[in-house]
Amino acid sequence: MDLSCILSQMEMDNEEETTRLLQQYNRENSRTFIFEQKEEDNRVRLCQSLLRVLGMPVGHTCLRTCLETLRILSRDKHVLGPVGTRESMLLLARLAGLRTAEGEVLGGTGAEEEEDEEERVAVEALKCLCNVVFNSTKAQQAGADVRLARGLCARLRAPRAPPHEVRLFSLRLLFLLSALRTDVRASLRDELHALGLLTEVLERTLDVRWAGPYEAAAPDPEAPPIPADGTERAMEALKALFNLTLSDSTVEDGAHQLRLISAIMRHLLLLRAQTEEKTEEAHSHAVNLLSNMPVACLDVLIDTPMQGGLSEYDGKNMEAVQVLLDFMEKRIDKQGANYKEGLTPVLTLLTEGSRHHRDIRRYIKTQVLPPLKDVTNRPEVGTAVRNKLVRLMTHVDMGVKQSAAEFLFVLCKESVDNLLKYTGYGNAAGLLVARGLLAGGRGDTEYSADEDSDTEEYREAKPFINPITGHMEEPLPNPMEEMTEEQKEHEAQKLVNMFDKLSRHQLITPMGMKRDGTLAPLPKAVSQCAAESCSSDSD
């Protein structure tokens with residue numbers, strides 16, 4: 001539709017005709033996200049005209065239509081100059097029913113207007129604010145200046161809960177402000193006490209009923225899933241909480257508040273949403289938030305009484321840990337998935353939980369690294385969780401590779417010998433090089449002395465296991481068996497010459513291992529060993 005026609009009509013202040021033309025424009029562009037550059041000046045003028053109309057005493061239908069048009073235009077970050085000003089942000093905040101920087105409550109267009117109409121206008125204004133804040137740094141600054149976050153917190157604290165969409169987009173805007181502005185994030189956390197507020201939002205949304213300190217009553221297995229609107233609000237609150245817990249700064253109530261959040265995350269892991277995809281998405285946000293919690297808080301995941309479930313280990317309730325393991329395996333099995341974003345958070349969470357909580361580590365090891373019996377196949381071959389994790393140890397993404405290797409290393413109590421038993425030297429070489437443990441030994445963390453006994457089948461097969469591949473191989477014929485000593489020496493010299501040629505052409509760099517277990521170019525490693533040997537002899 002020709003924007004010039006709309007602009008001309010809007011200058012005539014004909015509310016009815018303006019509404020009609022804008023509604024037609026909205027229908028035509030409801031799914032437009034890429035705009036033609038040649039119309040950019042007209043879109044800027046249209047933004048200015050829309051803001052002028054929104055500041056006039058017009059009807060709710062006209063307000064909603066103008067806001068919808070502004071929302072569509074706000075997808076183009078190049079035309080948001082007029083919208084990113086303090087005045088424009090105050091106007092949109094007023095239409096959204098938010099509190100201003102001066103503390104004045106700015107409702108709809110008049111006390112006599114119907115309440116549901118005002119709520120529809122508020123929803124459209126909030127959608128506009130979300131788009132504008134996301135796409136304009138000027139609007140982010142203006143939003144901070146007019147204290148949008150304060151108004152949003154006041155709305156979420158209101159005794160009478162507003163409709164679903166008003167709450168949903170209020171939470172989304174709060175998330176965007178906390179993600180894009182570190183000053184707003186600090187204000188939310190320290191001044192507005194938003195951590196406690198969002199925790200209460202989650203409690204209400206997820207219908208948490210407390211059975212004891214940091215112990216939510218177990219959900220009824222026959223209960224219906226979380227309603228779709230509740231799932232949406234919960235995920236927005238989780239994203240905002242993630243931003244607020246990124247910092248190490250002291251928060252109100254300190255450890256109590258964080259342990260409370262951990263308990264709610266445990267409750268969420270045991271719930272299900274309307275669809276499998278939504279359940280997985282909700283659990284993903286729970287994993288991200290738990291990753292921000294101090295590791296001391298993770299005992300909340302297992303220190304709850306059993307409710308007749310099967311996931312019990314040494315008297316500890318492992319239901320939530322089992323959900324995390326299932327979630328991890330689903331993420332591994334996703335074809336074409338972005339492992340770095342989808343898998344590494346849960347791997348990191350399980351690694352740190354295992355490193356600092358003996359019961360969690362021991363339970364996870366029984367599920368991931370059960371006692372070895374069949375060693376006829378390579379560790380990376382198969383469909384068990386161990387096989388899948390070992391395959392990830394040679395993944396092309398360095399972060400994924402390191403996360404999987406570190407997880408298995410911690411399950412082995414950071415013992416090189418134990419790790420090699422389950423993975424083979426070839427798969428573990430990257431981790432051992434990075435840790436300086438090629439010569440064997442242990443990591444830095446102290447672990448309790450407990451299980452690690454071998455099965456009878458493994459003890460019998462151990463002498464025949466290839467330590468590089470980690471599995472038992474059929475003995476191969478010795479190609480040098482029928483060679484004379486002269487032939488053997490000739491073949492050895494050929495090999496030395498080939499290595500020398502590759503080294504001189506810098507195709508390879510021969511490496512040696514230093515005494516600390518790290519690698520260094522061979523001449524440097526040899527000279528260091530020689531120097532240490534001479535020093536030892538002189539002593």
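The values are calculated or read from the model by the stated rules, or taken from the named source; none is laboratory data. None of these values were measured; they are calculated from a predicted model. All Cβ positions, even for glycine, are placed from backbone atoms using ideal geometry, and neighbour counts span all protein chains on display. Quick note on the areas: whole protein, heavy atoms, side chains included, nothing else; ligands and nucleic acids left out. Shrake-Rupley method; radii C 1.70, N 1.55, O 1.52, S 1.80 Å.
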Over the alpha-carbon set of the range 405-471, work out the extent along each principal axis and list the three values in angstrom, largest first. 32, 27, 19
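Once the convex hull of the alpha carbons of the range 454-539 is built, what does its volume come to per residue, in cubic angstrom? Mind showing how you got there, number by number?
On the way: hull volume 18.5 nm³, N = 86.
Each residue corresponds to 215 Å³ of Cα convex hull volume.
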Cα Rg, Dmax (largest Cα-Cα span) when computed across the range 293-336, Å: 12.8, 39
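Tell me the net charge near residue 37. Cut-off is 12 Å between Cβ atoms, residue 37 excluded, with +1 for each Lys or Arg and -1 for each Asp or Glu.
Taking every other residue near residue 37 into account, the sum is -3.
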Give the accessible area for residue 378 in Å² (nearest 10); use a 1.4 Å probe, count only protein heavy atoms, and leave out ligands, DNA and RNA. 100
In nm, to one decimal, how far is the residue 447 label point from the residue 366 one, both placed 7 Å along Cα→Cβ? 1.7
Quick calc: nm separation of the 7 Å Cα→Cβ label points for residue 229 and residue 270 -> 2.7
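Grab the beta carbon distance between residue 522 and residue 489, set R0 = 25 Å, and tell me the FRET efficiency rounded to 0.05. Don't jump to the answer; show the numbers that get you there.
On the way: r = 22 Å, r/R0 = 0.88.
After rounding, the FRET efficiency stands at 0.70.
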In terms of modelled amide H atoms, which long-range or inter-chain residues lie less than 5 Å from the amide H of residue 210? 217
On the full set of protein chains, 1.4 Å probe, figure out the accessible area of residue 283 and give it in Å² to the nearest 10. 20
C-alpha long axis of helix 60-73 to longest principal axis of the chain, angle in °: 40
In range of the label at residue 515: residues from the range 424-440 whose backbone nitrogen is under 19 Å from the point 7 Å along Cα→Cβ: 436-440
Counting helices only, and only those DSSP H runs with n ≥ 4, report the 222 nm mean residue ellipticity of the chain as the sum of -39,500 (n - 2.57) divided by its residues, in deg cm²/dmol to the nearest 500. -18000 deg cm²/dmol
Ranking 25, 313 from most to least accessible area with a 1.4 Å probe gives 313, 25
Between residue 306 and residue 52, what length in nm is gained on full extension when 0.36 nm per residue of separation is reduced by their alpha carbon distance? 85.3 nm
Listed here are the pairs 138/278; 373/514; 38/127; which of them are more than 30 Å apart at the Cα? 138/278; 373/514
Distance (nanometres) between label positions extended 7 Å along Cα→Cβ at residue 348 and residue 377: 3.2
Mean projected area in nm² (Cα convex hull; one quarter of hull surface) for the chain: 37.2
Which residues among the range 359-389 fall inside the zone where the amide N is under 18 Å from a point 7 Å beyond the Cα of residue 474, along Cα→Cβ? 375-378
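When a/c reaches 1.5 or more, the comparison of a/b and b/c decides; with that in mind, is the range 162-207 rounded, prolate or oblate per its Cα gyration tensor? Could you put the intermediate results ahead of the total?
Values: a/c = 2.75, a/b = 1.44, b/c = 1.91.
Oblate, because a/c is 1.5 or more while a/b does not exceed b/c.
Gain in length, residue 13 to residue 496, computed as 0.36 nm per residue apart minus the alpha-carbon separation, to one decimal in nm?
On the way: separation 483, 0.36 × 483 = 173.88 nm, distance 8.98 nm.
Value of the extension gain: 164.9 nm.
With N set to the number of residues, divide the alpha-carbon radius of gyration of the range 154-296 by 2.2 N^0.38 Å and report two decimals. Each step should come with its number before you reach the end.
On the way: Rg = 14.4 Å, N = 143, 2.2 N^0.38 = 14.5 Å.
Expressed relative to 2.2 N^0.38 Å, the Cα Rg reads 1.00.
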Using protein chains only and a probe of 1.4 angstrom, how many square angstrom of residue 86 are accessible, to the nearest 10? 100
What is the distance in Å between the Cα centres of the range 461-493 and the range 182-241? 62
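May I ask for the net charge around residue 483, where only other residues with Cβ less than 14 Å from the Cβ of residue 483 are counted and Lys, Arg are +1 while Asp, Glu are -1? Spell out each step's value before the answer.
Details: positive: 488, 494; negative: 481, 482, 485, 486, 489, 491.
Counting the neighbours of residue 483, the net charge comes to -4.
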Per-selection Kirkwood Rh - the range 124-196 (Cα, Å, 1 d.p.): 12.3
Diagonalise the Cα gyration tensor of the range 367-428 and give the resulting equivalent ellipsoid semi-axes, square root of 5 times each eigenvalue, largest first, whole Å. 17, 14, 10
